[in-house]
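To start, the structure under review is shown below, and the notes come after it.
The values are calculated or read from the model by the stated rules, or taken from the named source; none is laboratory data. All of these numbers come straight from a predicted model, not from anything done at the bench. All Cβ positions, glycine included, derive from the backbone under ideal geometry; neighbour counts span all protein chains shown. Accessible surface areas use protein heavy atoms only, side chains included; no ligands, DNA or RNA. Shrake-Rupley method; radii C 1.70, N 1.55, O 1.52, S 1.80 Å.
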Amino acid sequence: MTLPIDPAQIDPDDIGAKQTTLEMDHEEAIEHVREVFTDAGFGVPVEFSPSELLNEKVDADRDPYYVLGACNPAVADRALEATDGKMGGLFPCNVVVREEAPGRQLVYHVSIMRIARLVGMAPDDDEMADIIADTGEIVDDAFEAL
């Protein structure tokens, strides 16, 4: 199967990639990111640690890695409506907190709204552009507060 897009040609802005580094321990960073994203208008209905799971199940010896599944309910509702329910396959919007070194955490996020439009799950129309702009603004506010 040939991909409809060339991944090497995708600019991080095309997928709304954002990242920052926090100088704090892993657990403190998770709490901080959760609080900042909640203050920005996201709920965090799902959380899990892939590193704990993989270390336990397959002895992966992974450094701390945590995923906060963030969701802005009003925007999520609009996105479901605009995509005839397809957007739910990508919910929630994940924010990763990954330990790069003790006391140094990378926080990373990509826009599921932008990705859905890129791969054809979401329409390339004004309504979706507005949804993408709204979520982008909320995520920008959160990253500025980190």
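For the stretch 1-82, the extents of the C-alpha atoms along the principal axes are 37, 36, 26 Å, listed from largest to smallest. Accessible surface of the chain, 1.4 Å probe: 48 percent of it comes from carbon and sulfur atoms. Under a 5 Å amide H cut-off, with hydrogens placed 1.01 Å from N, F48 pairs with V67, G69 among residues at least 5 apart or on other chains. Considering only alpha-carbon pairs that sit under 8 angstrom and 6 or more positions apart, the relative contact order computed for the chain is 31 percent. Computed from the Cβ-Cβ distance with R0 of 22 Å, the FRET efficiency linking E27 to R104 stands at 0.95. So what's the gap between the Cα centers of the stretch 45-83 and the stretch 27-43, to the nearest angstrom? Here the answer is 14 Å between Cα centres.
Normalised by the number of residues in the stretch 24-110, the mean separation of alpha-carbon contacts (under 8 Å, six or more apart) gives a relative contact order of 31 percent.
For Cα pairs less than 8 Å apart in space and 6+ apart in sequence, what is the mean separation divided by the residue count of the stretch 63-145, i.e. the relative contact order in percent?
Relative contact order of the stretch 63-145: 29 percent.
Loop-located chymotrypsin sites (Phe, Trp or Tyr not before Pro) in the stretch 47-146 (DSSP state other than H, G, I, E, B) with a sparse environment of at most 13 neighbouring Cβ atoms within 10 Å are absent. Each Lys and Arg adds +1 at its Cβ and each Asp and Glu adds -1 at its Cβ; summed about the Cα centre, the chain shows a dipole of about 420 debye.
Our estimate of slack between D140 and Q19, defined as 0.36 nm per intervening residue step minus the Cα-Cα distance, is 42.5 nm. Convex hull volume of the Cα atoms of the stretch 78-135, normalised per residue: 83 Å³.
For the chain, the solvent-accessible area works out to 58 Å² per residue, with a probe of 1.4 Å and every protein chain left in place.
Globularity index of the stretch 43-146 is 1.21 (Cα radius of gyration / 2.2 N^0.38 Å, N = number of residues).
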